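The values are calculated or read from the model by the stated rules, or taken from the named source; none is laboratory data. Given the structure is predicted, the values throughout are model-derived calculations rather than measurements. Cβ sites come from the backbone with ideal geometry, for glycine too, and all protein chains shown count toward neighbours. Heads up: the accessible areas ignore ligands, DNA and RNA and are worked out on the full protein's heavy atoms, side chains in. Shrake-Rupley method; radii C 1.70, N 1.55, O 1.52, S 1.80 Å.
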Amino acid sequence: MSYGDLDEHAVECYREAGDILVETMNEAREMIEPGVTHLEVAEYAEEQIREAGAGIAFPVNISVDEEASHATPGRDDDTTFGEEMVCLDIGVHVDGYIADAAVTVDYTGNDELVEASESALEAAVDEAGPGVPVGEVGGAIEDVIRGYGFTPVLNLSGHGVEQYDAHTGPNVPNRGVDRSVELEPGQAVAIEPFATDGRGKVGEGATEEIFELERDRSVRDRRARDVLDQIRELDGLPFAARWLEGTGVEMALRRLKQRDVVKGYPVLKEDADCLVSQAEHTLLITEDGCEVTTAGIHSFD
């Protein structure tokens, strides 16, 4: 199997990251049940990744009900799971090469909404390959989700993953697009259909626990400098505020944001009283098709 310009080391790292993610995901998802805290699940998954000798590509995302993305618990968060729809999104890297995948665990009784995003992902994987326009992949996603009577989240998309970069091109829309770029051999792509019983558009919420280094520059405040020193050790990847040590972390992050040193990722949400399901795999595009590096977490794998 040929992977274009992607060398053997990169391919093996993508595969290893996928294997570690699958094991971590299948263990962490079993922990999600009423009464367990979000923080317990997030910290368990992140520690499993570290113990496997890999890196965390981004903080474990635990999005509930109308939340779609960028939700991770804070340092002392004691929020517990209830009768909710829970999207669990995990990222792993080996030498910077990333695996990104997500599953939905449902306690609301809306099995069809979960099935819609998973079936859409299956259709997208079947569609993906070299020379295939990403708009056609998005069309396959949209057709399946609408076929279930739900709406794809139109302003979220899949994305490329490159070494130490969790969100690159090409973007893979969750709807059909007439003119779009084509997938190419050697690309690593995370495809992630989101299905909702809402309007299909997310907006920014008030909560923000995930950040990323945007521009490395000197700062005068001592606490901000201490926090920035920690951030510099994270390879430019997204991080959780709870990972940072010391006093005054929240204030230091505010000052770093004011200086455009870091940027924050607010939780993305559908309208209240709506539900969002998510399913995601990472694929390597080959000369004659694709290889799913995160196979083993969805029913169709």
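Observations
- In this structure the amide hydrogen of residue 69, modeled in the peptide plane, comes within under 5 Å of the amide hydrogens of 268, none closer than 5 places in sequence on its chain.
- Qualifying chymotrypsin sites (Phe, Trp or Tyr not before Pro) in the range 156-246, where qualification requires a DSSP coil assignment and no more than 16 other C-beta atoms within 10 Å, comprise 164.
- Neighbourhood net charge (13 Å Cβ-Cβ; Lys/Arg +1, Asp/Glu -1) for residue 212: -3
- Selection from 256, 186, 107, by position along the positive dipole direction of the chain (Cβ): 256
- Protection proxy ranking of 245-255, 142-152, by the mean of other Cβ atoms within 10 Å over each peptide's residues and highest first, is 142-152, 245-255.
- All C-alpha pair distances within the chain, sorted into 20 Å bins from zero, spread as 35, 58, 7 percent across the bins.
- Within the range 143-301: Cβ-based charge dipole about Cα centre, in debye rounded to nearest 20 (Lys, Arg +1; Asp, Glu -1): 1020 debye
- Note on the range 210-284: along the principal axes its Cα atoms extend 43, 36, 21 Å, ordered by decreasing extent.
- Accessible surface, the range 1-155, averaged per residue in Å² (probe 1.4 Å): 39 Å²
- In nm, spacing of pseudo-spin labels at residue 271 and residue 230 (7 Å Cα→C-beta vector): 4.0 nm
- Cα-based shape type of the range 1-140, given that a ≥ b ≥ c are square roots of the gyration tensor eigenvalues and the cut on a/c is 1.5: oblate
- Rounded if a/c under 1.5, otherwise prolate or oblate - the range 78-172, Cα gyration tensor axes: oblate
- Percent RCO, i.e. relative contact order, over the range 146-301, from Cα pairs under 8 Å lying at least 6 residues apart: 29 percent
- Volume per residue of the C-alpha convex hull in the range 137-248, rounded to whole Å³: 146 Å³
- Available extension along the chain between residue 300 and residue 245 is 15.7 nm, counting 0.36 nm per residue and deducting the alpha carbon span.
- Its alpha carbons considered, the range 97-149 gives a radius of gyration followed by a Dmax of 12.7, 40 Å.
- For the range 35-87, with all protein chains in place and a probe radius of 1.4 Å, 37% of the accessible heavy-atom surface sits on carbon or sulfur.
- Within the chain, helix-based [θ] at 222 nm, where runs of 4 or more DSSP H residues each add -39,500 (n - 2.57), nearest 500: -9500 deg cm²/dmol
- From phi via Karplus (6.51, -1.76, 1.60), per-residue ³J(HN,Hα) for the range 246-254 in Hz, x at Gly/Pro: x, 8, x, 4, 4, 5, 4, 5, 4
- Label point distance in nm, residue 287-residue 164, each placed 7 Å from Cα along Cα→Cβ: 3.1 nm
- Label positions at residue 214 and residue 182, each projected 7 Å from the Cα along the C-beta direction, are separated by 3.7 nm.
- For the range 153-168 and the range 38-110, distance of Cα centres in Å: 17 Å
- Near residue 43: Cβ cut-off under 11 Å, other residues only, Lys/Arg at +1 and Asp/Glu at -1. The net charge is -1.
- For the range 131-145 versus the range 223-301, the gap between their alpha-carbon centres in whole angstrom: 25 Å
- Annotation: peptides 198-207, 83-92, 286-295, 119-128, ranked by per-residue average of other Cβ atoms within 10 Å with the highest first, follow the order 83-92, 119-128, 286-295, 198-207.
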